[in-house]
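Undergrad: Below is a structure I'd like to ask you about.
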Amino acid sequence: MMSVDIPTWPEEWARQYREAGCWQGETFGDMLRRLADEHGDHVAVVSGSIRMGYAELNRRVDQLAAGFHQLGITHGDRVVVQLPNIGTYVEVIFALFRLGAWPVFALPLHRRTEITHITKFADAVAYIIADIEGGFDYRELAAQVQDEVPTLAHVIVVGDPGSRDYHSIHDLYIEPKADLPKPVASEVAFLQLSGGSTGLPKLIPRTHDDYMYSLRISADICGLSKESKYLVVLPAAHNFTMSSPGILGTLYAGGAVVMSRDSSPDAALALIEQERITITAVVPPLALIWLDAAPTRSYDLSSLQVFQVGGAKFNSEAARRVEPVLGCILQQVFGMAEGLVNYTRLDDPEEIKVNTQGRPMSPFDEVLVVNDEDEAIEIGEEGHLLTRGPYTIRGYYRAEAHNAKAFTTDGFYRTGDIVRLTTDGYIVVEGRDKDQINRGGDKIAAAEIENLLLGHPSVHDAALVSMSDSYLGERTCAFIIPHGEAPSVQELKSYIRQQGIAAYKIPDRIEFMDVFPLTKVGKVSKKLLREIIECKIK
Ligand code: AMP
Ligand code: DBH
């Protein structure tokens, strides 16, 4: 399978990971079949008024796989999946896994620019959407994408397919077929999106073997069992929600996954009470909202055992409030869709749980903290985090030139995070050297927005930087050198919005300048731009 398009582990590493028992050769399709045998009617997925047991889920997945196959979707095909947090999401991804077709995971907030890019880049043959969700009509978006992407043969709608030639997913649950393709566990299972630090998001190829390993370890570290109930409030397609331990880890352990389209405290805390949720995962801004709301409401949260916070740095003052306010264990999670996931352990002392972002989940994870010359530095010093291991990719999909920079010659992924290690091997995230803004867990590649801004006739140059924010951690500020008369802030924002991008990427603030400060080597100094905006907002 090794190719420049789909880089994978060199054979000697693959053999080691197999011999060590990390990779066990089970596909996700087979996993669900086994779970159905083991757990039968035990509830697997709860979504609104629907409660579905493992055997029924497995049966519906067989039907849907047959329906997808009848449409012509088969082994190795790419299918962009953009769905809200609904039970059908779980059926869709397992039906694709079962065929060996690759879901490409889009987030519900992605719009024309992102979806067109990933659909084109992956040569996707199908796009699976909701009809209308959160007031947005995804069928309109699909029509725009189809105009630009000729390979996109099928649009499949959960809900009303509308007047176009789209399929209703409802019609694709057909008589199961025996002669479906048989994927193997060493193959790619799906493409996950990277937050990215370059112009456009990169696609991350994860195999059944490597991802299954990450779930297994995650489920174990998080203490999951058949009794676990995991509440999905972050977007289901987020790598955190999928696998740390998330939807797939919970199913792996035989527990129940409860889908919620609404992450507000009144919806989510009520579900915790009603479904007797044991574990959930949030990003720091959502944690702050829940922490403020919980004491003013009277929901019974006594079932909640573990509250996971990750995706962006959780400050230690807020972290310290979790256990007293919610009455459960705080777990910090520092992960990445490329692989490496770090957890604080459930029995760690408070100071570790509050002040660190955890330690690698697997004994086979290799982490290095290095200086600018890739040389190891003293424990406790800040440096660049590099990592390699049984579930960390060796390269992005179809990105040969980028891979040469994003990975070392011996296969370590350059995470772009600046960290320090404690003497116990825990990681503290101190910053980042990638040109990305982490807006409360939503990642924004500066270059992507700068390129869009440069498309405006009155923009001569643009630089996007972070500015600190007590709620989101970071927000974005776009510095603009105008071409002729400066456009208004409103005009620039609406210009960006019209390009069709996720709303969180629209700059929070726009500042005009005549020239950008430069570094010694003549590059735009984003460090100085950040200092300028910090002075202004103080
Ligand atoms: P991605 O590569 O798009 O999946 O985003 C992963 C990145 O999110 C990491 O490399 C970090 O920069 C950031 N991140 C995730 N979790 C945390 C955390 N707990 N603390 C700080 N940064 C985090
Ligand atoms: O931010 C992330 O990408 C992330 C955070 C926590 C992640 O991918 C994960 C856990 O697996």
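Undergrad: How far is the Cα center of the range 49-76 from the Cα center of the range 211-239, in Å?
TA: When both Cα centres are located, 21 Å separates them.
Undergrad: Let a ≥ b ≥ c be the square roots of the eigenvalues of the Cα gyration tensor of the range 31-111; is it rounded (a/c under 1.5), or, if not, prolate (a/b larger than b/c) or oblate?
TA: Judged from the Cα gyration tensor, the range 31-111 comes out oblate (a/c at least 1.5, b/c at or above a/b).
Undergrad: Of the DSSP beta bridges with both residues in the range 217-432, give the percent that are antiparallel, rounding to the nearest 5.
TA: Values: 22 of 37 bridges.
Among the beta bridges of the range 217-432, antiparallel pairing accounts for roughly 60 percent.
Undergrad: Continuing with this model, one more query. Relative contact order for the range 436-537: what percent, with Cα pairs under 8 Å and sequence separation of 6 or more?
TA: That works out to 25 percent.
Undergrad: Would you calculate, for the chain, the mean residue ellipticity at 222 nm contributed by helices, counting each DSSP H stretch of 4 or more residues as -39,500 (n - 2.57) and dividing by all residues, to the nearest 500?
TA: Details: 17 runs with 175 residues, N = 538.
Helix contribution divided over all residues of the chain: -9500 deg cm²/dmol.
Undergrad: Using DSSP, restrict attention to beta bridges with both residues in the chain and report what percent are antiparallel, rounded to the nearest 5.
TA: Taking every DSSP beta bridge with both residues in the chain, the antiparallel ones total about 55 percent.
Undergrad: At a threshold of 8 angstrom on Cα-Cα distance, excluding pairs fewer than six apart, so keeping six or more, what relative contact order does the range 217-432 reach in percent?
TA: Computed value for the range 217-432: 14 percent relative contact order.
Undergrad: Would you mind calculating the relative contact order of the chain from Cα pairs under 8 angstrom and at least 6 residues apart, reporting the percent as a whole number?
TA: Relative contact order of the chain: 12 percent.
Undergrad: In addition: Applying a 10 Å radius around every beta-carbon, put 361-367, 281-287 in order of their mean neighbour count, most first. Intermediate results must be reported in sequence, preceding the final value.
TA: Working: 361-367: 18.6, 281-287: 23.0.
Result, highest mean first: 281-287, 361-367.
Undergrad: Assign unit charges at the C-beta atoms only (+1 for Lys and Arg, -1 for Asp and Glu), then state the dipole size of the range 436-537 relative to its Cα centre in Debye, rounded to the nearest 20.
TA: Values: 13 positive and 13 negative charges, 57 e Å.
Once rounded to the nearest 20, the dipole reads 280 debye.
Undergrad: Note the full-extension length gain between Asp374 and Arg51 as 0.36 nm times their separation in residues minus their Cα-Cα distance, in nm to one decimal. Don't skip to the end; give the middle numbers.
TA: Working: separation 323, 0.36 × 323 = 116.28 nm, distance 5.13 nm.
Value of the extension gain: 111.1 nm.
Undergrad: Still on this structure, I have one more. Which value results when the Cα radius of gyration for the chain is divided by 2.2 N^0.38 Å?
TA: Expressed relative to 2.2 N^0.38 Å, the Cα Rg reads 0.95.
Undergrad: What Kirkwood radius, in Å to one decimal, follows from the Cα pairs of the range 217-432? All intermediate terms of the calculation are to be shown ahead of the outcome.
TA: Working: mean 1/r = 0.0559 Å⁻¹.
When all Cα pairs of the range 217-432 are included, the Kirkwood radius is 17.9 Å.
Undergrad: Taking each pair of distinct Cα atoms in the range 332-467 once, what is the resulting Kirkwood hydrodynamic radius in Å?
TA: Details: mean 1/r = 0.0608 Å⁻¹.
Over the range 332-467, the inverse of the mean reciprocal pair distance is 16.4 Å.
Undergrad: Please work out the C-alpha center-to-center distance from the range 253-279 to the range 322-369 and express it in whole Å.
TA: Answer, in whole Å: 22.
Undergrad: Another question, then. Tell me whether the range 156-287 comes out rounded, prolate or oblate; compute the Cα gyration tensor, take square roots of the eigenvalues as a ≥ b ≥ c, and use a/c under 1.5 as the rounded threshold.
TA: rounded
Undergrad: Here's a follow-up. Going by average Cβ density within 10 Å per residue, which order do the peptides 376-384, 205-213 take, highest to lowest?
TA: Highest mean packing first, the order is 205-213, 376-384.
Undergrad: Same structure again: How big is the antiparallel share of DSSP beta bridges in the range 263-357, given as a percent to the nearest 5?
TA: Taking every DSSP beta bridge within the range 263-357, about 30 percent pair in antiparallel fashion.
Undergrad: With N residues in the range 436-537, what two-decimal value do you get for its Cα radius of gyration over 2.2 N^0.38 Å?
TA: Ratio of Rg to 2.2 N^0.38 Å for the range 436-537: 1.01.
Undergrad: Ranked highest first by the average count of other Cβ atoms within 10 Å around their residues, in what order do 76-89, 332-345, 518-531 fall?
TA: 332-345, 76-89, 518-531
Undergrad: Test of understanding: ordering Tyr396, Tyr230 by Cβ neighbours within 10 Å, fewest first, what list do you get?
TA: Sorted ascending by nearby Cβ count, the order is Tyr396, Tyr230.
Each reported figure results from applying straightforward, stated rules to the coordinates on display, with no laboratory input. Owing to the predicted nature of the structure, the values given are computational and were not obtained by experimental measurement. Here the Cβ is made from the backbone with ideal geometry for all residues, glycine too, and neighbour counts use every protein chain on show.
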